[in-house]
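To start, the structure under review is shown below, and the notes come after it.
The values are calculated or read from the model by the stated rules, or taken from the named source; none is laboratory data. Note that this is a predicted model, so its numbers are computed, not measured. Cβ coordinates were reconstructed from backbone atoms using ideal geometry, including for glycine residues, and neighbour counts include every protein chain displayed. In case anyone asks, the SASA skips ligands and DNA or RNA and just uses the protein heavy atoms, side chains included. Shrake-Rupley method; radii C 1.70, N 1.55, O 1.52, S 1.80 Å.
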Amino acid sequence: MTTTVHYTDAEGTVRDIEGRPGDSVMETAVRNGVPGIVAECGGSLSCATCHVFVRDDCLSELPPIEPMEDEMLYGTAVDREENSRLSCQLKLTEGMDLYVTTPETQV
Amino acid sequence: MASDNAAPTGLLIIGASQSGVQLAISLRALGFEEHITLLGEENHRPYQRPALSKEWLQGEVGNESLIFRSAEYWDEHNVTLVKDQRITEIRKNPDGSGVAVAESGAEFPFKRLALTVGARARKLAVDGADLAGVVYLRNADDALALKAMVGDATDIVVIGGGFIGLEAASSLKKMGKNVVLLEHGPRLVGRAVGEATAEYFLDAHRSRGLDIRLGARISRFVPAATHDGGKAVSGVEVTVGGGTAAGGAAGEGTGAEGTAAEVIPAQIVLVGIGVIPNTELAEQMGLAVDNGIVVDSHALASDGTTVAVGDCANMPNPVPGSPAGERIRLESVNNAIEHAKVAAYSLMGRREDYAGIPWFWSNQADLKLQIAGLSMGFDQTVVRRDDERGKFSVLYYRKGRIIAADCVNAPLDFMAVKNALAKRQNIPADTAEAAAAVADPAVQLKTLAV
Ligand SMILES: Cc1cc2nc3c(=O)[nH]c(=O)nc-3n(C[C@H](O)[C@H](O)[C@H](O)COP(=O)(O)OP(=O)(O)OC[C@H]3O[C@@H](n4cnc5c(N)ncnc54)[C@H](O)[C@@H]3O)c2cc1C
Ligand code: FES
């Protein structure tokens, strides 16, 4: 089963990236140079520059928001929405088919 | 391998790490069309350092997670990655072109040059410094060597109570080791944070069981009396307390005025006493050097053509409104990234001043420190503390204006200050009433920004 993340940027361009289970949505984006994810802290939950909006029907596949991520989400460059997550906290699982949109800016 | 008659690369970036990688990426984003060579002395693909003392050391993330970009990314973007070549000499022409010569003899001709050579660990020169088991933590090889040794060790001494020392000590403690942290100065984290934050960390770490000794004078590393000639470290001879703790470089003290010397057992001694910027190439090129390669606000060195970026660069303070002429060298990921962006503009012929709000993070045990702004020159502080929820922040002011904050497990405070600084707002604390509001953890800082 393939594991895929579909990244849509603020202009609507879609990039489908095959990921490895265990990697985060942030890592998968950064390693492949997907624009729209900065990830200054490299996944240390310290920068809030890996913000993504998750397509509503995918939200239930994801782990719940921990308190620290919740606080950090108030500091994103583009305001947080109901479906906001920090992509470094989202680990890919086998067969996952995840749709996320990157915000207009991260800083 | 490149040679004398090879076509020169459009831009040679020496130093394939945080700032070198960002420079290449930013140039491509800006439409730089020339070929780029990203060259480094390490025999690894470019990787991020921060996790080396934190998540990676604890085995929470693997090697692959530290790699910046896939090999395909560099191919697709016409960037040649060169590993394992240490440049020892640069011959440069007045127009900015030249040739870089590696220790191996390989030559790398270039049209333009960027120095992103970073900094190296400062060594502690005491007897026994060469013993096996005395290690530093600056790069992947250091980290791999440390990790390979950790399994067998029961006792570890960490020398230096700065960020690297505290992070590594916390990580090693979490891995079940007996860790003693020795700090030469009278408090933790030297000049990077204020007194209140340093005290908070001292209490927090001690209450979590970390053995921290301040005012420690290292007299020597004690060799093990092993049959192979006593080549491995077995302990650290130290004198603690007494005399003046301040002043003098680490390891200088003899302990004459302290308590009697003690030997703390250790199969590993990790030394984290700061870094020295790599300025040798710049000096050899005749560039101005003063605690780093001196650059202007466009990341240009004194020859007007070479750019120098990141940990190796001494630059005008990038904080808007900071005192004119103030210069600084920053050691942080955020600076490496932001400075590289400015250098990229510079190489494209665009003059964008480096301006921004520096920020920094450090994870130690369950303590997440986030620093926004630069606290140097502060004349007032306000402490915000919520012990019930384990949150602690210190806000720094200069002439009534907020300039920085240290925030522990308090991302909302960190964000509020970072945003206020970016928008050039204040979070006033100039009256008793205003300061009380800032100090009240029940009040959201964001609501106080004006
Ligand atoms: C263990 C550790 C933890 C850290 N944690 C944090 C943190 O939590 N938050 C944070 O903001 N920052 C942290 N930092 C600091 C951050 O990693 C640095 O600020 C950043 O790496 C600086 O990037 P740079 O590219 O300027 O320099 P460096 O990363 O030092 O890279 C310079 C590169 O140049 C190479 N080089 C030097 N001379 C030559 C030569 N002559 N020829 C060829 N190659 C050469 C070096 O080998 C090196 O690879 C940490 C650093 C370390 C070591
Ligand atoms: S990468 Fe920094 S918070 Fe996710």
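A compact table of results
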quantity	calculated
Loop-located GluC sites (Glu not before Pro) in region B:352-438, at most 11 other Cβ atoms within 10 Å (DSSP)	B:Glu388
Reduction of at least 40 Å² in accessible surface, 1.4 Å probe, comparing all protein chains with the chain by itself, residues of region B:329-366	B:Trp359, B:Trp361
Accessible-area value, B:Arg384, 1.4 Å probe, nucleic acids and ligands omitted, Å²	10
Selected from B:Ala420, B:Ala344, B:Ala114 as most flexible by GNM, with chain B as the system and alpha-carbon contacts under 10 Å	B:Ala420
Chain B, relative contact order [Cα under 8 Å, separation at least 6], %	13
Ratio of the Cα radius of gyration of region B:366-448 to 2.2 N^0.38 Å, where N counts its residues	0.97
Cα-based convex hull, chain B, per residue volume (Å³, whole number)	160
Å³ per residue enclosed by the Cα convex hull of the protein assembly as shown	170
In the B-A interface, the accessible area buried, summed over both sides, Å² (probe 1.4 Å)	1900
Cα gyration tensor category, rounded, prolate or oblate, for region B:320-399 with a/c compared to 1.5	oblate
B:Met175 - accessible surface, heavy atoms, 1.4 Å probe, Å² rounded to 10	70
Within the accessible area of the protein assembly as shown (1.4 Å probe), percent carbon and sulfur	49
Computed over chain A: relative contact order in percent, which uses C-alpha pairs under 8 Å that are six or more apart	42
Heavy-atom accessible area, 1.4 Å probe, ligands and nucleic acids excluded: residues of region B:419-434 down by at least 10 Å² from chain alone	B:Asn419
GNM top mover of B:Gly59, B:Gly161, B:Gly310 - chain B, alpha-carbon springs below 10 Å	B:Gly59
Number of partner chain Cβ atoms within 10 Å, mean per residue of B:402-414	2
With DNA, RNA and ligands ignored, accessible area of B:Glu72 (1.4 Å probe; Å², nearest 10)	110
Mean residue ellipticity (222 nm) of the protein assembly as shown, computed from DSSP H runs ≥ 4 via -39,500 (n - 2.57), nearest 500	-6000 deg cm²/dmol
Per-residue mean of C-beta atoms belonging to partner chains within 10 Å, peptide A:36-45	6
